[in-house]
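The values are calculated or read from the model by the stated rules, or taken from the named source; none is laboratory data. Note that the structure is a prediction, hence the values are computed from the model and not measured. Note that we place each Cβ from the backbone using ideal geometry, even for glycine, and neighbour counts take in every protein chain shown. Remember, those area values only see protein heavy atoms, side chains included, never the ligands or the DNA or RNA. Shrake-Rupley method; radii C 1.70, N 1.55, O 1.52, S 1.80 Å.
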Amino acid sequence: MGKPHGLDGSFFVEQASEDEERFAAGAIVHVDGKTAEIVASKRSGGRPVIRLDREAPRGAELTVPLSALPPPEYYAFQLVGLAVEEEGGRGLGRVAAVQPGVANDVLELDSGSALPLVDACVLEVDLEQGRIVVAQGFVERS
């Protein structure tokens, strides 16, 4: 939770989700693990400002219930071991690990290559076929 906004108990949400519905009036959030309801919501300077149905200390961790999140297409652990190929079919290796990065996760391949886990690079993840298709140009040709 961020700094106060006004005198009614509202505050800025720091490092907010891009999904504005997460902070709509009536949404349920957790404040340091305890349930709270958002009773008022607006934006100021492009950031969400909310008021809860109870007091919350400044700096408290604000999270959404796991049940409120959409299911992921895949989990990082499911990518380990998948074959990676460029568009056109050139094999690049297998995913040895998925490492967290500052801006995005990184696929580390058993061939020594590292690929950013971003839409521009990863075009398709097919868990059933056991493969990941990536755009050309992210790995140098040897």
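Structure notes:
- Residues (more than 18 Å from GLN78 (Cβ to Cβ) and of a type outside the set (Asp, Glu)) located in region 117-142: ALA120, ALA135, GLN136, GLY137, PHE138, VAL139, ARG141, SER142
- Of all residues in region 57-68, none are open to solvent by 70 Å² or more (accessible area, probe 1.4 Å), among the hydrophobic types (A, V, I, L, M, F, W, C), within 26 Å of LEU127 (Cβ to Cβ) and in a loop (DSSP other than H, G, I, E, B).
- Looking across region 42-93 at every residue that is of a type in the set (Val, Ile, Thr) and in contact with a helix residue (DSSP H, G or I) (Cβ under 7 Å, 6 or more places away or on another chain), the one that is farthest from PHE11 (Cα to Cα) is identified as VAL64.
- Pairing each residue of region 98-117 that is under 17 Å from ALA135 (Cα atoms) and of a type outside the set (Gly, Ala, Ser) with any residue that is open to solvent by 70 Å² or more (accessible area, probe 1.4 Å) and not in a strand (DSSP E or B), provided the two are 6+ apart or on different chains, yields C-beta distances under 6 Å for LEU115/PHE138.
- For region 1-46, residues that are among the β-branched types (Val, Ile, Thr), at pLDDT 90 or above and assigned to a loop (DSSP other than H, G, I, E, B) total 0.
- Residues (among the charged types (D, E, K, R) and crowded, with 16+ Cβ neighbours inside 10 Å) located in region 86-97: GLU86, ARG94
- Where a residue in region 29-58 is among the hydroxyl-bearing types (Ser, Thr, Tyr) and its partner, wherever it lies, is part of a loop (DSSP other than H, G, I, E, B), with Cβ under 6 Å and at least six apart: SER41/ALA24; SER41/ALA25
- Within region 77-84, at least one residue is under 30 Å from GLY112 (Cβ atoms), touching a Leu at 6+ places or on another chain (Cβ under 6 Å) and either open to solvent by 70 Å² or more (accessible area, probe 1.4 Å) or assigned to a strand (DSSP E or B) (or both).
- From the options ASP105, ASP110, residue that is among the acidic types (Asp, Glu) and under 30 Å from GLN15 (Cβ atoms): ASP105
- If the condition is being under 17 Å from HIS5 (Cα atoms) and open to solvent by less than 80 Å² (accessible area, probe 1.4 Å), then region 15-46 contributes ALA16, PHE23, ALA24, ALA25, ILE38, VAL39, ALA40, SER41, SER44, GLY46.
- Those residues of region 1-14 which are under 18 Å from the mean Cα position of the chain (by Cα) and either surrounded by 14 or more Cβ atoms within 10 Å (Cβ to Cβ) or on the phi > 0 side of the Ramachandran plot (or both), in sequence order: VAL13
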